[in-house]
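Data block below; observations after.
The values are calculated or read from the model by the stated rules, or taken from the named source; none is laboratory data. These figures come from a predicted structure and were not determined experimentally. Note that we place each Cβ from the backbone using ideal geometry, even for glycine, and neighbour counts take in every protein chain shown. These accessible areas exclude ligands, DNA and RNA; they are computed on the full protein's heavy atoms, side chains included. Shrake-Rupley method; radii C 1.70, N 1.55, O 1.52, S 1.80 Å.
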Amino acid sequence: MNEQSFFKLVMHGTRGTQGVSGPDHIKYGGLTTCVEVLSDKLPPGELFFLDAGTGFAHAIKAYMPDIVEGKIKVIHVLNTHPHKDHIEGTLTYPLSYNVPFETRTHFYGSKPPSGRSHKDVVLGQFDGDTWPIEQGLLNHRLKFTTLTHYPSQVFIIHPEGGFHLMDLGRLQDAEEVGQIRLSKKVVNLNECMVVRMKKTSHSNANCLSPRLEDRETGAVGVFCSDHEARSAPSGEIKAHFWEADVLISDCAYTRAQAVALTAGWGHGVGMGVIREALAGRVKSLDLTHHVTSSSDQRIDGEIRDEVNAAYEHYVGDEKFMEEQKLDKPTFTPDDIHMCHDGMVIDVLEAHLRS
Ligand SMILES: [Zn+2]
Ligand SMILES: [Zn+2]
């Protein structure tokens, strides 16, 4: 392995539904969802984020000196779906506006139930009624791609070959020969990061979960926000989570909240999250998308307790363990963490540890 290799996920926003602040939310924070991908596989001068909640606008502040100096050429943002908590950071993102910087921002996202394009959904926020600045005043360096058939689309990223969206078939062909043509350059697949996508279970939202595979080191991180495990783990979800070094999963609600109101809304509770993480043989689990009403005390109390109890339940359930062909769990309760704003998850380190 190259000594320069690195692969980290930075949790810039870990709150779901709506941002929050105040003395009950000091430890976990209140910025809405955003994860930054840090990897040596990214081309120099290019950044990569998952979701553009308010954590995205916050994260970009640290890069403003480099943006002003022209060192950042492109910022890629893969939005899991266009619910407000996942795109509202674009409203206060400095580069949404006509600023004199050359940096381009490329947003990728799925189609919502209305069938609108990703561009129409994101720019639709700038309507002049609920937001004072209208689309006509926005930066012309914003680019949008609607992922029309994303389970069979994939991103391939290489430090010299660039950042590319393509059909899965091209990856499959490349896997046979170990090489792929990216722009004008042929590169080894084992020097790339590959991002596959799968649809989550999130009411009628067309929400995607990215699985990021560092083909050089073998380290794998999965971001699965806005997902509700509703039945026995499917083969598809197991394959998507399979042996991930890090699974970042939605664990928004307590069981009582789910039973009373939120079941079917498409968010995680301890039992479902643990069941799928065990079935997918993940190595560590990081829980996010804390709902607005969850105080630090509830996240450390009820939610954490339910997660631990769910772990004990399934690991002690012989029938479940047998069905999943598990002799022993692939992670321990110590490998389960509650995400907070600003948390850095070292995926490569988790891979090398396991
Ligand atoms: Zn959400
Ligand atoms: Zn959502």
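Quick notes on this one:
- Any hit, the range 240-260, residues being open to solvent by 70 Å² or more (accessible area, probe 1.4 Å) and either modelled with pLDDT of 95 or more or more than 29 Å from residue 310 (Cβ to Cβ) (or both): yes
- For residue 178, the requirement of being at pLDDT 95 or above, more than 12 Å from the chain's Cα centre (by Cα) and either open to solvent by less than 60 Å² (accessible area, probe 1.4 Å) or within 16 Å of ligand 1 (Cβ to nearest atom) (or both) is met.
- Meets criteria (surrounded by 14 or more Cβ atoms within 10 Å (Cβ to Cβ), closer than 22 Å to residue 109 by Cα and either more than 16 Å from ligand 2 (Cβ to nearest atom) or without any contact (Cβ under 8 Å) to a residue 60 or more places away in the chain (or both)) for residue 267: no
- Filtered residues of the range 197-228 (kept if of a type outside the set (Asp, Glu), at negative phi, touching a Gly at 6+ places or on another chain (Cβ under 8 Å) and within 16 Å of ligand 1 (Cβ to nearest atom)): 200, 201, 202, 205, 207, 225, 227
- If you filter the range 15-58 down to residues that are assigned to a loop (DSSP other than H, G, I, E, B) and aliphatic (A, V, I, L, M), you find that the one that is least open to solvent (accessible area, probe 1.4 Å) is 52.
- Scanning the range 181-196 for residues that are part of a strand (DSSP E or B) and either open to solvent by less than 10 Å² (accessible area, probe 1.4 Å) or within 16 Å of ligand 1 (Cβ to nearest atom) (or both) returns 182, 187, 193, 194, 195.
- Residue match in the range 61-75 (condition: more than 15 Å from ligand 1 (Cβ to nearest atom), touching an Asp or Glu at 6+ places or on another chain (Cβ under 8 Å) and not in a loop (DSSP other than H, G, I, E, B)): yes
- All positions within the range 73-89 that are open to solvent by less than 10 Å² (accessible area, probe 1.4 Å) and without any contact (Cβ under 8 Å) to a residue 60 or more places away in the chain: 75, 77, 79, 87
- Within the range 222-238, considering residues that are outside any loop (DSSP other than H, G, I, E, B) and either touching a residue at least 40 places away in the same chain (Cβ under 8 Å) or of a type in the set (Val, Ile, Thr) (or both), the one farthest from ligand 2 (Cβ to nearest atom): 238
- Filter result for residue 273 (within 16 Å of ligand 1 (Cβ to nearest atom), part of a helix (DSSP H, G or I), open to solvent by less than 50 Å² (accessible area, probe 1.4 Å) and touching a residue at least 12 places away in the same chain (Cβ under 8 Å)): yes
- The residues of the range 198-221 that are open to solvent by less than 30 Å² (accessible area, probe 1.4 Å), in a strand (DSSP E or B) and either touching a residue at least 60 places away in the same chain (Cβ under 8 Å) or farther than 30 Å from residue 252 by Cα (or both), listed by number, are 202, 208, 209, 210, 212, 214, 220, 221.
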